[in-house]
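**Student:** Below you will find the structure I want to go over with you.
The values are calculated or read from the model by the stated rules, or taken from the named source; none is laboratory data. As the structure is a prediction and not an experimental result, all values here were calculated from the model. Cβ sites come from the backbone with ideal geometry, for glycine too, and all protein chains shown count toward neighbours. When the accessible area is computed, the model is the full protein with side chains, heavy atoms only, and any ligands, DNA or RNA have been set aside. Shrake-Rupley method; radii C 1.70, N 1.55, O 1.52, S 1.80 Å.
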Amino acid sequence: MKDQLEITRTNRRLMSKIMDNYSLEDLNKVPEGFKNNLIWNIAHVVVTQQLLVYKLSGLPMMIDDELVLKYKKGTKTEGFVDQAEVEKVKELMFSTLDQTEKDIEASIFKEYQEYPTSTGFVLKSTEDAMSFNNFHEGIHLGYILALKKSL
């Protein structure tokens, strides 16, 4: 699964550059025709990876419940995200992946609760979750690139 993690890291490096190159106001702006902003999409992928890989494996997530409630599937931008939360998300983008890599190497993933995704693909293992997560993050990178053009 090292290749899957490297794909995720590459995607997140692109998102991190966007976070560095846009103002706090731009990260929070919801352009006309969109329901979310740059920071919501970036935080959403961090939350989703934790839900798909850890929660469905029956393991504790590395993010707090408040972040999950704010950025999980079905949510939308609800208010202004301050700089402290932006920095927290940016740190979690890579710390969660580093820990996931260590956990894979330590073989802690033993069980997995099957999960039918909204695309119709059924996740049956942590490996499935890692692969699907990259597909999911790619979709959100596409949204992010469209959002950038609308700012």
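**Student:** With charges set only on the Cβ (+1 for Lys and Arg, -1 for Asp and Glu), what does the dipole of the stretch 100-151 come to about its Cα centre, in debye to the nearest 20?
**Tutor:** Computed charge dipole of the stretch 100-151: roughly 360 debye.
**Student:** Here is a further query. I need the fraction of alpha carbon pairs in the stretch 20-86 separated by more than 19 Å, rounded to a whole percent. Numbers along the way, then the final one.
**Tutor:** On the way: 753 of 2211 pairs.
For the stretch 20-86, the fraction of Cα-Cα distances above 19 Å is 34 percent.
**Student:** A further question follows. I want the local charge near ILE108. Using Cβ-Cβ distances under 13 Å, sum +1 for each Lys or Arg and -1 for each Asp or Glu among the other residues.
**Tutor:** Details: positive: LYS102, LYS110; negative: GLU101, ASP103, GLU105, GLU111.
Neighbour charge sum, excluding ILE108 itself: -2.
**Student:** Residues of the stretch 1-20 with backbone nitrogen within less than 20 Å of a virtual label 7 Å along the Cα-to-Cβ line of SER125, please, listed as ranges.
**Tutor:** Backbone N within reach: 1-8.
**Student:** At a Förster radius of 35 Å, what calculated FRET efficiency corresponds to the Cβ-Cβ distance of SER150 and ARG9, to the nearest 0.05? Don't jump to the answer; show the numbers that get you there.
**Tutor:** Numbers: r = 27 Å, r/R0 = 0.76.
Once the sixth-power term is evaluated, E becomes 0.85.
**Student:** Given the DSSP H assignment, sum -39500 (n - 2.57) over each helix run of at least 4 residues in the chain and divide by its residue total; what's the result at 222 nm in deg cm²/dmol, nearest 500? Each step should come with its number before you reach the end.
**Tutor:** Working: 6 runs with 96 residues, N = 151.
Dividing the helical sum by the residues of the chain leaves -21000 deg cm²/dmol.
**Student:** If you find the alpha carbon centre of the stretch 86-112 and of the stretch 43-60, how far apart are they in angstrom?
**Tutor:** So the separation of the two Cα centres works out to 9 Å.
**Student:** Give me the Kirkwood hydrodynamic radius of the stretch 1-135, using the inverse of the mean 1/r over all pairs of distinct Cα atoms, in Å to one decimal. Could you put the intermediate results ahead of the total?
**Tutor:** Values: mean 1/r = 0.0645 Å⁻¹.
For the stretch 1-135, inverting the mean 1/r across all distinct Cα pairs yields 15.5 Å.
**Student:** Something else now. Quick check: the angle from helix 83-105's long axis to the longest principal axis of the chain, C-alpha only, nearest 10 degrees?
**Tutor:** Roughly 20 degrees between the two axes.
**Student:** Under a point-charge model restricted to the Cβ atoms of Lys and Arg (+1) and Asp and Glu (-1), what is the dipole moment magnitude of the stretch 4-86 relative to its Cα centre, in debye to the nearest 20?
**Tutor:** Dipole about the Cα centre, nearest 20: 400 debye.
**Student:** Compute the angle between helix 38-53 and the longest alpha-carbon principal axis of the chain, please, reported from 0 to 90 degrees and rounded to the nearest 10.
**Tutor:** For helix 38-53, the angle is close to 10 degrees.
**Student:** Also, quick follow-up: Going 7 Å from the Cα of GLN99 toward and past its Cβ, which residues in the stretch 130-148 have a backbone nitrogen under 18 Å from where you end up?
**Tutor:** Of the residues in the stretch 130-148, 130 have backbone N under 18 Å from the label point off GLN99.
**Student:** Which order do the peptides 101-113, 131-143, 41-53 come out in when sorted by mean C-beta neighbours inside 10 angstrom, highest first? Walk me through the numbers on the way to the answer.
**Tutor:** On the way: 101-113: 12.8, 131-143: 17.3, 41-53: 23.5.
Order by mean packing, descending: 41-53, 131-143, 101-113.
**Student:** Give me the 1.4 Å probe accessible area per residue for the stretch 1-133, excluding ligands and nucleic acids, in Å².
**Tutor:** Details: 7030 Å² over 133 residues.
Using a 1.4 Å probe on heavy atoms only, each residue of the stretch 1-133 averages 53 Å².
**Student:** Placing unit charges on C-beta atoms (Lys and Arg positive, Asp and Glu negative, everything else neutral), compute the dipole magnitude of the chain about its Cα centre in debye, rounded to 20. All intermediate terms of the calculation are to be shown ahead of the outcome.
**Tutor:** Details: 19 positive and 23 negative charges, 87 e Å.
In total the dipole reaches around 420 debye.
**Student:** Keeping the other protein chains in place, figure out the carbon and sulfur percent of the accessible area of the stretch 27-127, with a 1.4 Å probe.
**Tutor:** 52
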